[in-house]
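Trainee: One structure is given below, represented as structure tokens, and several questions about it will come after.
The values are calculated or read from the model by the stated rules, or taken from the named source; none is laboratory data. Bear in mind the structure is a predicted one, so any value in this text is a computation, not a measurement. So basically every Cβ, Gly included, is an ideal-geometry build from the backbone, and we count neighbours across all protein chains shown.
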Amino acid sequence: MLQDLPATLDATLQPIARKLTDHVPLSLDDGLRLCATPDIHGVGRLADFVRRRLHGDRAYFNRNRHINYTNVCALSCKFCSFYRKRGEEGAYEMPVEQVMATAVKAAGAGATEVHIVGGLHPWLKFDYYLAMLRGIRQACPGLHIKAFTAIEIIHFSRIAHLSIAEVLTALRQAGLGSLPGGGAEIFDDRVHDQVFKGKVREDRWFEVHRTAHRLGIPSNATMLYGHVETPAERVRHLIKLRELQAESLANCPASFNCIIPLSFIPDQSELGNLPGPTGLTDLRTLAIARLMVPNIAHIKAFWIMQGIHLAQVALDWGCDDLDGTVVWYDITKKAGSGVHQEMHVSDIQRIIHEARKTAVERDTLYRPVRRDAEDKVLPAMVS
Ligand code: SF4
């Protein structure tokens, strides 16, 4: 396999290349070297080596719809341009019927997944969330419901006076299929206190995902980069994800499906004075995620955050997934853009083919989706 490795320009990357061929996990020092090397394209080629070893020429996408049921939030994270206080202009909360109708429409358009997240609404009762899941499950039995970040799960546990395990069990009984990865931001107390002080610390985020994995509920993980964190803090964040994944793979019926490194978009947030990450910082960060965390199978270039052009390039920088059709996304938006952000399947496929990869439509658990001549999902392939 050594001959398959790229000849890198920077000699400091050679020991890392040897570790990769020997399947040795990279250390914090290795990660820092990947952050510091001027040979950024060497970092990309190493990440591409690992991606090819895991996935060959496959690149994944799904047909999904994001639903943000409310932007009313009790917290005020500085990096967030999404939240509103109740009564403030632009604040909204969807009735359960509206969320259900959106899910039904998505299923009718061929989606295999709905991705549901919102703010920490101070007044909605836990029953609202259970009714939402039950309603979708009843109306669309084949649709996978990926819903509620770890922060929302902790919020539910507070308002319902239930443990994390009890909340997750109740949600699963109502129809929950998996957890998205949001709310992780950067696992570091300094960064936490500076930009999202009201949120729970990393131990609670890990508690939710560890509990989900023990209960057999798969999940994803994110990392919000490009604001006030240092490269070392990013690398430590990734190592912490690798450690929980090792624990879950060894002991639990479920684990992380993918990592989604999220490029910070400063516009309209309290950190609007920051410049945000550049294209090369995006590519280097995605590649380092692939290299530091080989035990989480998939790295997603989420085209909403990285932009579709860079997400396409990222398919050669360690990423194997572009997310999906999305349709509606309200969490972050560049100034002047709306919230209708849709990619058509044919465009996603064209982008992947041009990157010399085979486009594979997947379900939430990365199983290939097969469709009949009328574009209907063959039932056995949907969770
Ligand atoms: S990031 Fe989440 S928890 Fe923080 S203010 Fe925004 S919606 Fe609320």
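Trainee: List pairs: first residue in the range 229-252 and within 11 Å of PHE206 (Cβ to Cβ), second residue of a type in the set (Lys, Arg) and part of a helix (DSSP H, G or I) anywhere in the structure, Cβ distance under 7 angstrom, at least six positions apart or on different chains.
Mentor: LEU244/ARG210
Trainee: Determine whether ALA11 is modelled with pLDDT of 95 or more, exposed (fewer than 15 other Cβ atoms within 10 Å of the Cβ) and more than 20 Å from ALA246 (Cβ to Cβ).
Mentor: For ALA11, the condition - modelled with pLDDT of 95 or more, exposed (fewer than 15 other Cβ atoms within 10 Å of the Cβ) and more than 20 Å from ALA246 (Cβ to Cβ) - is not met.
Trainee: Anything in the range 357-374 that is without any contact (Cβ under 8 Å) to a residue 40 or more places away in the chain and acidic (Asp, Glu)? List them, or say none.
Mentor: Matches in the range 357-374: ASP372, GLU374.
Trainee: Hey, could you check the range 193-219 for residues that are within 16 Å of the ligand (Cβ to nearest atom) and outside any helix (DSSP H, G or I) and say which is surrounded by the most Cβ atoms within 10 Å (Cβ to Cβ)?
Mentor: For the range 193-219, the residue satisfying everything is PHE196.
Trainee: Okay, moving on. Out of ARG45, ARG86, ARG65, I need the residue that is in contact with a strand residue (DSSP E or B) (Cβ under 7 Å, 6 or more places away or on another chain) and buried (at least 18 other Cβ atoms within 10 Å of the Cβ). Which one?
Mentor: That would be ARG65, the only listed residue that is in contact with a strand residue (DSSP E or B) (Cβ under 7 Å, 6 or more places away or on another chain) and buried (at least 18 other Cβ atoms within 10 Å of the Cβ).
Trainee: While we're looking at this one, here's another question. Considering only residues of the range 245-274 that are in contact with a helix residue (DSSP H, G or I) (Cβ under 6 Å, 6 or more places away or on another chain) and of a type in the set (A, V, I, L, M), which is farthest from HIS23 (Cα to Cα)?
Mentor: Among those residues, the one meeting the criterion is LEU262.
Trainee: Please state which of the following conditions GLY226 fails to meet, knowing it meets all the rest: (1) within 16 Å of the ligand (Cβ to nearest atom); (2) closer than 22 Å to LEU130 by Cα.
Mentor: Result: GLY226 passes all but (2).
Trainee: Moving on to the next point. On the basis of being free of Cβ contacts under 8 Å to residues at least 60 places away in the same chain, buried (at least 16 other Cβ atoms within 10 Å of the Cβ) and away from the ligand (no atom under 16 Å from the Cβ), does THR37 make the cut?
Mentor: yes
Trainee: Of (1) within 16 Å of the ligand (Cβ to nearest atom); (2) at pLDDT 95 or above; (3) within 23 Å of the chain's Cα centre (by Cα), ARG53 satisfies all except one. Which?
Mentor: So the condition that ARG53 fails would be (1).
Trainee: So which strands (runs of 3 or more DSSP E) stay within the range 56-160 end to end and still have 3 or more residues that are more than 16 Å from the ligand (Cβ to nearest atom) and polar (S, T, N, Q)?
Mentor: none
Residue-by-condition table, conditions (1) over 11 Å from the mean Cα position of the chain (by Cα); (2) without any contact (Cβ under 8 Å) to a residue 24 or more places away in the chain:
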{"residue": "PRO261", "(1), (2)": "no, no"}
{"residue": "GLU270", "(1), (2)": "yes, no"}
{"residue": "PRO275", "(1), (2)": "yes, yes"}
{"residue": "GLY279", "(1), (2)": "yes, no"}
{"residue": "LEU283", "(1), (2)": "yes, no"}
{"residue": "LEU286", "(1), (2)": "yes, no"}
{"residue": "ALA289", "(1), (2)": "yes, no"}
{"residue": "MET305", "(1), (2)": "no, no"}
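Trainee: Considering every residue within the range 172-189, establish whether at least one is in a helix (DSSP H, G or I), modelled with pLDDT under 95, more than 25 Å from ALA106 (Cβ to Cβ) and more than 14 Å from the ligand (Cβ to nearest atom).
Mentor: For the range 172-189, residues in a helix (DSSP H, G or I), modelled with pLDDT under 95, more than 25 Å from ALA106 (Cβ to Cβ) and more than 14 Å from the ligand (Cβ to nearest atom): present.
Trainee: Also: Testing LEU32 on (1) in contact with a helix residue (DSSP H, G or I) (Cβ under 7 Å, 6 or more places away or on another chain); (2) outside any helix (DSSP H, G or I); (3) more than 16 Å from the ligand (Cβ to nearest atom), one condition comes back false. Which one is that?
Mentor: Only one criterion in (1) in contact with a helix residue (DSSP H, G or I) (Cβ under 7 Å, 6 or more places away or on another chain); (2) outside any helix (DSSP H, G or I); (3) more than 16 Å from the ligand (Cβ to nearest atom) is unmet by LEU32, namely (2).
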